[in-house]
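Data first, discussion second: the structure below is written as structure tokens.
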Amino acid sequence: MKLNYKRTILVGFAFFLISAFWQAYDKTVPMLMVYKFGMNQTMSGVIMALDNVLAVFLLPIFGALSDKSKSVFGRRTPFIFVGTVLAVISFIFIPLIGEDFLWLFIIILLFTLVSMAFFRSPAVALMPDVTCKPLRSKGNAVINLMGTAGGLLVLVVGLVIKVGENYMQNFFPYYLVVCGIMLIGLIIFLLTVKEKKWANEMLEDTKKYFPENEEEVEENETTKTKLQKPQLISLLLILASVALWYMGYNAITSKYSLYADTVLNQSYDLTLMIAQGGAIIAYFPVGIIASKFGRRKTILVGVALLALSFFTATFMTAQSSPIIMYVLFALAGIGWATINVNSFPMVVELAKAGDTGKYTGWYYTASMSAQVLTPILSGVIMDLFGNMSPLFPYASICVALAFITMFFVKHGDSKPLESKSVLESFDIDD
């Protein structure tokens with residue numbers, strides 16, 4: 001039994017359009033707030049944090065609601081359709097609001113963020129809905145690549161339109177193209193993804209190829225039971241690990257631009273691009289490795305690699321060769337991909353048949369909570385020291401703590417798959 005890459009790519013178009021949105025949002029909304037509406041950095045920072053704050057509360061709710069959906073189109077598809085359409089309608093009006101209508105800008109921005117939260121958990125939960133448990137690491141690698149593709153496409157659009165070169169430019173053409181990309185992604189998804197059919201086929205494949213998971217997968221909402229204590233402890237440890245490594249990684253991504261300028265006296269753009277490139281290269285291999293050796297062991301290797309990269313970067317100075325930092329960030333990107341590809345499948349591995357959306361929401365609650373907390377906490381620590389030198393030690397400690405919590409996880413892994421050859425792992429089903 002091999003992953004159906006074609007189906008997983010088509011399911012991934014939901015994540016593709018989500019990433020396209022966030023690339024455009026993060027690029028332009030801060031500029032609109034500061035240069036068009038005259039906000040200070042503190043106020044604009046508070047509003048930019050709203051998406052993470054809202055996600056902490058809304059993603060588990062909408063994920064659980066999609067679990068209970070009984071639509072003829074499936075559990076997740078209606079949420080993806082409605083959420084995308086509402087987000088596009090509201091998002092496209094944002095650059096058209098005049099500078100005298102700040103209140104309207106904030107209202108529409110909030111509506112857009114809620115619309116995006118409405119379908120994020122359902123969109124991500126769809127992959128495990130249609131993918132047998134032992135194949136979900138590979139499936140998550142494909143989903144992550146689709147998200148990366150959406151973000152990169154919008155990044156290219158921004159370069160062509162030269163977004164950001166003139167802070168007072170008219171962003172409407174850029175928003176129009178981005179919304180078009182989102183709608184094209186939605187149309188492809190709606191025309192090709194057969195959610196209910198594929199979900200039923202997943203059940204049949206589980207019976208045929210993975211009978212050890214058959215009883216658990218077939219549980220419905222009336223028969224499913226609560227997690228037993230050992231499984232609950234593992235779930236809490238996994239979520240703690242997610243929060244800790246996000247605290248470490250997000251501290252670097254949110255503060256590194258200032259660190260590179262004030263401590264290293266060099267540009268940061270290429271460094272972060274190298275990290276992203278390392279992650280992209282690693283997505284498929286780490287999914288295959290996890291299928292062979294198990295998710296937990298693979299994650300522990302990724303966490304160790306990430307912690308080692310951050311710890312070594314602590315000793316970099318303005319006199320150090322930039323090449324060393326490039327290597328460290330490439331390794332950090334590989335470690336981050338190793339973690340991300342396998343951690344979400346471990347969470348939904350513990351979910352009962354009718355709870356995938358809710359567990360997806362919990363996963364995002366852990367990651368989003370960390371991204372709300374860590375810029376504040378790391379900032380306080382650096383203020384206490386009077387400089388930015390604690391940045392990489394802080395990140396290293398957070399990631400090292402994640403290694404400890406993940407080490408004690410006993411559930412959520414999958415039985416390693418046996419392949420006749422390495423090449424067999426790349427076979428694509430029709």
**OP:** Output the residues belonging to region 306-323 that are open to solvent by less than 80 Å² (accessible area, probe 1.4 Å) and either in contact with a Leu (Cβ under 6 Å, 6 or more places away or on another chain) or among the β-branched types (Val, Ile, Thr) (or both).
**Re:** Ser309, Thr312, Ala313, Thr314, Thr317, Ala318
Original post:
Since Tyr283 meets every condition but one in (1) under 23 Å from the mean Cα position of the chain (by Cα); (2) at pLDDT below 85, which condition does it not meet?
Top reply: (2)
**OP:** From (1) open to solvent by 50 Å² or more (accessible area, probe 1.4 Å); (2) under 14 Å from Gly361 (Cβ atoms); (3) touching a helix residue (DSSP H, G or I) at 6+ places or on another chain (Cβ under 8 Å), pick out the condition that doesn't hold for Leu86.
**Re:** (2)
**OP:** Taking the residues in region 46-80 that are among the β-branched types (Val, Ile, Thr) and either under 30 Å from Lys197 (Cα atoms) or in contact with a helix residue (DSSP H, G or I) (Cβ under 8 Å, 6 or more places away or on another chain) (or both) as candidates, determine which candidate is surrounded by the fewest Cβ atoms within 10 Å (Cβ to Cβ).
**Re:** Val72
Original post:
Among the residues of region 370-384, is there at least one that is part of a helix (DSSP H, G or I), modelled with pLDDT of 90 or more and buried (at least 18 other Cβ atoms within 10 Å of the Cβ)?
Top reply: yes
**OP:** Kindly establish whether Gly98 is of a type in the set (Gly, Ala, Ser), open to solvent by 20 Å² or more (accessible area, probe 1.4 Å) and either free of Cβ contacts under 8 Å to residues at least 60 places away in the same chain or assigned to a loop (DSSP other than H, G, I, E, B) (or both).
**Re:** yes
Original post:
Listed residues Leu244, Leu236, Leu306; which is over 25 Å from Phe329 (Cα atoms), among the aliphatic types (A, V, I, L, M) and modelled with pLDDT of 90 or more?
Top reply: Leu236
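Here is a yes/no grid of residues against (1) at pLDDT 90 or above; (2) not charged (D, E, K, R):
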{"site": "Leu96", "(1), (2)": "yes, yes"}
{"site": "Cys132", "(1), (2)": "no, yes"}
{"site": "Lys138", "(1), (2)": "no, no"}
{"site": "Leu153", "(1), (2)": "yes, yes"}
{"site": "Gly158", "(1), (2)": "no, yes"}
Subject >> Unique residue being open to solvent by 50 Å² or more (accessible area, probe 1.4 Å), part of a helix (DSSP H, G or I), out of contact with any Ser or Thr (no Cβ under 7 Å at 6 or more places or on another chain) and not acidic (Asp, Glu) when the list is Met31, Met43 >> reply: Met43
Subject >> Residue list for region 9-28, filter: open to solvent by less than 10 Å² (accessible area, probe 1.4 Å) and of a type in the set (Val, Ile, Thr) >> reply: Val11, Ile18, Thr28
Original post:
Within region 336-348, is there a residue that is of a type outside the set (Lys, Arg), open to solvent by 60 Å² or more (accessible area, probe 1.4 Å), within 20 Å of the chain's Cα centre (by Cα) and closer than 30 Å to Val263 by Cα?
Top reply: no
**OP:** Restricting attention to helices (runs of 4 or more DSSP H) lying wholly within region 114-214, give those where 2 or more residues are open to solvent by less than 20 Å² (accessible area, probe 1.4 Å) and more than 30 Å from Ile97 (Cβ to Cβ).
**Re:** 136-161, 195-209
Original post:
If you go through region 358-368 one residue at a time, do you hit one that is open to solvent by less than 20 Å² (accessible area, probe 1.4 Å) and at pLDDT below 90?
Top reply: no
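The values are calculated or read from the model by the stated rules, or taken from the named source; none is laboratory data. Given the structure is predicted, the values throughout are model-derived calculations rather than measurements. Note that we place each Cβ from the backbone using ideal geometry, even for glycine, and neighbour counts take in every protein chain shown. We work out accessible area using only protein heavy atoms, side chains counted, and drop any ligands, DNA or RNA first. Shrake-Rupley method; radii C 1.70, N 1.55, O 1.52, S 1.80 Å.
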